Amino acid sequence: MTEDIKGSPHERGSQWYDGEAGPLVRPYAMTGGRTKPGPTGVRFDLIALVTLDPGAPHLDDDPALGPEHRALIDLCRIETQSVAELAAGADLPVGVVRVLLGDLLELGRVTVSRPVPPTQLPDERILREVIDGLRAL
């Protein structure tokens, strides 16, 4: 038997790493065993931008929302962030964040805007012509 900081006994091999780490929660426990976002079919790119939907109902007391969902909502309250930034800010694996964002998207709490694909960006030649035209003014 070992004791944690507060003095409560734990058996050898329990979930505690040390007093500061707290209990170990496996990623599949946070997502309910899911590895992909819900039936929305949305693919969350690392650079996809996530915004808290201002018109969304307040679901802070929703029992379906876990602490990880709430952490993502709190990060989005500050400013629009990419999926990668949310994963870093919440200290969660990107795969977990994608699943949790799928939940929040289904609940109408967040909106996701995808980056513009490179094939739809203007050609560099056109941009240079615009710059040259503006300089000529």
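Ranked by the mean number of other Cβ atoms within 10 Å of their residues, highest first, the peptides 95-102, 63-70, 80-87, 127-134 come out as 95-102, 80-87, 63-70, 127-134. Between SER82 and VAL50, the built amide H atoms are under 5 Å apart, and every one of these is 5 or more places off in sequence or on another chain.
For the stretch 128-135, 3J(HN,Hα) computed residue by residue from phi via the Karplus equation (6.51, -1.76, 1.60; θ = phi - 60°) reads 5, 5, 5, 4, 4, x, 5, 5 Hz, glycine and proline entered as x.
Computed as a quarter of the hull surface, the mean projected area of the alpha carbon convex hull for the stretch 64-121 stands at 4.5 nm².
Bear in mind that the values in this text are calculations on the coordinates, not laboratory data. Only a predicted model underlies this, so the values are computations on that prediction, with no experimental measurement involved. Backbone-built Cβ (ideal geometry, glycine too); neighbour counts: all protein chains shown.
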